[in-house]
Structures are given as C-alpha cells and as structure tokens.
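Got a structure for you, questions after.
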Amino acid sequence: MSGDCAEPGDCQEALDKLQEYLDGEVPETRLGEIRDHLSACYPCGDRASFEEQLRAIVRRECADRAPEALIERIRIRLADGAATAS
Ligand SMILES: [Zn+2]
C-alpha cells in the first residue's frame, strides 16, 4: 500500500471540511463523500481521529471554555513535531 490518495483534490476537500464534519455541520449531501474519503484515505482518516482526540481532550480538560492558546498547545503536543506549515 502506498498510502497516497487516488484523488489529491479530495484530500484538500476533506481537510477543509474536517472541522465542520466534526462539528456535525457538514450538509447531509456532502457527509457521505467526506466520510467515505476519511475511511478510505489513511492520512486524512488519521488526521480526523487526531482532531477528534484533540476535541475530546479539550472538552475533558476545559469543559466550558477552550482558549485558543490551550488548544494550540495541546495540538502541538499531540502533533509531536509533525507540524504542517500553512
Ligand atoms: Zn485524503
């Protein structure tokens, strides 16, 4: 297995929509294709589970308020050097 995506455009789309997806804000018409992509594409699926873990930690550690600085600190800690430049 190469681990590469068959359709790179879909990765961008999936990652763009990831936050909305986790928030349950993706329209039903788009939900299926994003979910399919996340289950078929290892890097994106991995990213999605990372973001889910991040959200779970933030919710647990900071039940009613999650300052951006804290989220960023946890994100960096979890990413463990695998930072992506934007
Ligand atoms: Zn992908």
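Here, each number is a calculation from the coordinates, and none is a lab measurement. Just so it is clear, the structure is predicted and the values come from calculations on it, not from any experiment.
Would you mind calculating the gained length between Ser39 and Glu52 on full extension (0.36 nm times residue separation, minus the Cα-Cα distance), in nm to one decimal?
3.3 nm
Work out how much length Arg75 to Thr29 would gain on full extension: take 0.36 nm times their residue separation and subtract the Cα-Cα distance, in nm to one decimal.
Fully extending the segment from Arg75 to Thr29 adds 13.6 nm.
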